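Peer 1: Below you will find the structure I want to go over with you.
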Amino acid sequence: MSIFEEVEERDEETGLAIDADSLLFVSCYKYRDNFNLEFAYLEFCKRLGAIEKACYEQVSGLTEIVICFSTRKSFRNQILDTYKANRERNSTPESKLLGENVRTLKKLVVERLKPMVKASNVFEADDLVVQYADKGYLCSAIDKDVIHASKTKCYNYNKAEWIDGKDDQDINRWYLIQSITGDTSDGFIGVKGMGKVKAEAFVDELMDGTKTFDEYVELFTTPAECLLMNRVVRMNQYEGSELKLITMEEVHNGIYPF
């Protein structure tokens, strides 16, 4: 097979959205014992280039590369006061120093690569990447939330593998499971006593009609808590560049998207 035949087999040109928070972290972590900002920046660019190369193997050309960053706060901090609060409480002097180095590197990346950078004081990097996926961009991330919520192919740069995009039903199933299991590291517990296996079984019965939506809501302490958990886990809450929090009606209707 010639190189020209290989090119013809690739997908059409498209953009690439990268959840780059972890790239900042690993680039700084490499030099944690003797931090050097320029070396960390070069490490970041090296890893960025590896992702671009992997994307080139999927598409015939890149129309745009978007580097997505999170800021210190997002809309989740506004709707849930415990969101990621335990990370601050449990941080060590070493982790605080690493966090400062990450923020310093982020400022340098923004300064030097500003046209490529996308950040928001409303959305996190995960949210931004999913928004770009909804526009047809390929994704690159290591976080399970992005991988499970992307409609397009997602490149896991830790495992160097591509994961196929998900359809609306699979994405909504993932959100429903996450709303039940919660995430203690992010400061929300979901439904007590419901682990991943139980949550998956319940949601499958919910989506095939064996369970009712009322039974789903009743898992939570109150309907308001049910809605809050859905708002915390979902990354598709936007309209243009603005936040559009999901409603209980939309949660209900999303169970049967077809």
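Peer 1: Given the options GLY209, GLY15, GLY165, state which has the largest fluctuation in a GNM of the chain using a 10 Å cut-off (strictly under) for Cα springs.
Peer 2: GLY209
Peer 1: Test of understanding: given the chain, find the longest segment containing no trypsin sites (Lys or Arg not before Pro) that are in a DSSP loop and have at most 15 other Cβ atoms within 10 Å.
Peer 2: With a cap of 15 other Cβ atoms within 10 Å, the longest stretch comes to 74-134.
Peer 1: Would you mind listing how long segment 168-254 runs along its three principal axes, going by Cα atoms, in whole Å with the largest first?
Peer 2: 36, 30, 23
Peer 1: Suppose only helical runs count, i.e. DSSP H with n ≥ 4. What mean residue ellipticity at 222 nm does that imply for the chain under -39500 (n - 2.57) per run, divided by all residues and rounded to the nearest 500 deg cm²/dmol? Intermediate results must be reported in sequence, preceding the final value.
Peer 2: On the way: 13 runs with 132 residues, N = 258.
Rounded to the nearest 500, it is -15000 deg cm²/dmol.
Peer 1: Translational diffusion coefficient, Stokes-Einstein: compute it for segment 3-163 using the Kirkwood radius over C-alpha pairs as Rh, at 10 °C and 1.306 mPa s, and state it as an integer in µm² s⁻¹.
Peer 2: Values: Rh = 16.6 Å.
Approximately 96 µm²/s, per Stokes-Einstein.
Peer 1: Another one. Picking from VAL129, SER185, MET116, whose Cα lies most toward the positive end of the charge dipole for the chain (charges on Cβ: Lys, Arg +1; Asp, Glu -1)?
Peer 2: It is SER185, whose Cα lies furthest towards the positive end.
Peer 1: Suppose R0 equals 25 Å; then what is the FRET efficiency for LYS192 and LYS73 from their Cβ-Cβ distance, rounded to the nearest 0.05? Mind showing how you got there, number by number?
Peer 2: On the way: r = 27 Å, r/R0 = 1.09.
For LYS192 and LYS73, the calculated efficiency is 0.40.
Peer 1: If one takes the longest principal axis of the Cα atoms in the chain, at what angle in degrees, from 0 to 90 and to the nearest 10, does the Cα axis of helix 125-134 lie?
Peer 2: 80
Peer 1: Tilt of helix 196-207 relative to the longest C-alpha principal axis of the chain, in degrees (0 to 90, nearest 10)?
Peer 2: Tilt of helix 196-207: around 60 degrees.
Peer 1: Need the full-extension length gain, PHE25 to VAL217, defined as separation in residues times 0.36 nm minus the C-alpha distance. One decimal, nm. Could the numbers behind the result be given before it?
Peer 2: Numbers: separation 192, 0.36 × 192 = 69.12 nm, distance 3.75 nm.
Result for the pair: 65.4 nm of gain on full extension.
Peer 1: Which cross-chain or sequence-distant (5 or more) residues have an amide H under 5 Å from the amide H of GLY165, H modelled 1.01 Å from N in plane?
Peer 2: Here the answer is LYS153, CYS154, since their amide H atoms fall under 5 Å of that of GLY165.
Peer 1: If R₀ is 25 angstrom, what is the calculated FRET efficiency for the pair ALA119 and ASP168, using the beta carbon separation as r and rounding to 0.05?
Peer 2: On the way: r = 27 Å, r/R0 = 1.09.
The formula returns an efficiency of 0.40 here.
Peer 1: Here is a further query. Between segment 12-32 and segment 85-126, how many Å separate their Cα centres?
Peer 2: The two parts, judged by their Cα centres, are 12 Å apart.
Peer 1: Using θ = phi - 60° and the Karplus form 6.51 cos²θ - 1.76 cosθ + 1.60, what ³J(HN,Hα) does each residue of segment 18-27 get, whole Hz, x for Gly and Pro?
Peer 2: With the stated coefficients, segment 18-27 comes to 10, 7, 9, 4, 5, 5, 4, 4, 5, 5 Hz.
Peer 1: Under a point-charge model restricted to the Cβ atoms of Lys and Arg (+1) and Asp and Glu (-1), what is the dipole moment magnitude of the chain relative to its Cα centre, in debye to the nearest 20?
Peer 2: Numbers: 33 positive and 45 negative charges, 278 e Å.
The dipole magnitude comes to about 1340 debye.
Peer 1: While we're on this one: Restricting to the chain, compute how many DSSP beta bridges are antiparallel as a %, nearest 5. It would help to have the intermediate numbers written out before the result.
Peer 2: Numbers: 6 of 22 bridges.
In the chain, approximately 25 percent of DSSP beta bridges are antiparallel ones.
Peer 1: Can I ask one more? Would you mind finding the longest exposed-site-free stretch of the chain, with exposed GluC sites (Glu not before Pro) meaning DSSP loop and at most 12 other Cβ atoms within 10 Å?
Peer 2: Working: sites that count: GLU9, GLU12, GLU13, GLU57.
The longest uninterrupted stretch comes out as 58-258.
Peer 1: Rounded to the nearest 20 Debye, what is the dipole magnitude of segment 146-258 about its Cα centre when Lys and Arg each give +1 and Asp and Glu each give -1 at the C-beta?
Peer 2: On the way: 12 positive and 19 negative charges, 78 e Å.
The dipole of segment 146-258 has a size of about 380 debye.
Peer 1: Relative to the longest principal axis of the chain, what angle (0 to 90°, nearest 10) does the C-alpha long axis of helix 93-113 take?
Peer 2: Value to nearest ten degrees: 60.
Peer 1: Continuing with this model, one more query. Sequence-distant or interchain residues sharing an amide H contact under 5 Å with LYS118, placed H: which?
Peer 2: Placed amide hydrogens put ILE67, CYS68, PHE69 under 5 Å from LYS118.
Peer 1: Which residues does a label at LEU37 reach in segment 104-125, if reach means a backbone N under 13 Å from a point 7 Å past the Cα toward the Cβ?
Peer 2: Counting backbone N atoms under 13 Å from the label point, the list is 104-112.
Peer 1: Greater than 27 Å separation of Cα atoms is the criterion. Which listed pairs, LYS46/LYS159; LYS159/LYS244; LYS73/LYS198; LYS53/LYS73, meet it? Don't jump to the answer; show the numbers that get you there.
Peer 2: On the way: LYS46/LYS159 16 Å; LYS159/LYS244 33 Å; LYS73/LYS198 32 Å; LYS53/LYS73 32 Å.
In this structure, LYS159/LYS244; LYS73/LYS198; LYS53/LYS73 exceed 27 Å between Cα atoms.
Peer 1: Using the Cα centre of the chain as origin and beta-carbon charges of +1 (Lys, Arg) and -1 (Asp, Glu), tell me which of SER27, TRP174, PHE75 is placed farthest towards the positive end of the dipole.
Peer 2: SER27
Peer 1: Please enumerate, by chain and number, the aspartates and glutamates with C-alpha under 12 Å from the C-alpha of LYS30, excluding those fewer than 8 residues away in the same chain.
Peer 2: GLU43
Every read-out reported here was derived from the displayed coordinates using simple, explicitly stated rules and does not represent laboratory data. Computed from a predicted model, the values in this text were never measured in an experiment. When we count neighbours, we look across all protein chains shown, and the Cβ atoms used for this are built from the backbone with ideal geometry, even at glycine.
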